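Comments concern the structure below.
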Amino acid sequence: MHKRHQFTVKGTAKDPSGIAKVTWSTNAGLSGTASGTTEWSASITLYKGNNTINIRAYDSGNNMAWRSIIVVRK
């Protein structure tokens, strides 16, 4: 079994109509909703090796923008 480690990701999102929610998912199949909207954070479990984290921000019209980061845990 791989050892796990918690990692906090923080960011900002903005849209003229406002941000309704920010979600995250990983290549390990984990996902959730971040705390906050325009300023958000999420505590995410990392496994050894490459961890791809996808962040999605949704506005009030359900339009979505995303970013992806890779965090390497040795």
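Bear in mind these aren't lab numbers, they're just calculated from the coordinates by the rules spelled out. Just so it is clear, the structure is predicted and the values come from calculations on it, not from any experiment.
Key figures for this structure:
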read-out	value
Linear extension gain, THR12 paired with GLU39, 0.36 nm per residue minus alpha-carbon span	9.3 nm
Cα gyration tensor shape for the stretch 31-74, rounded if a/c is under 1.5, else prolate or oblate	prolate
Whole-number Å³ per residue for the convex hull built on Cα positions in the stretch 1-48	70 Å³
Long-range lysine pairs (8 or more apart or interchain), the chain, Cα under 27 Å	6
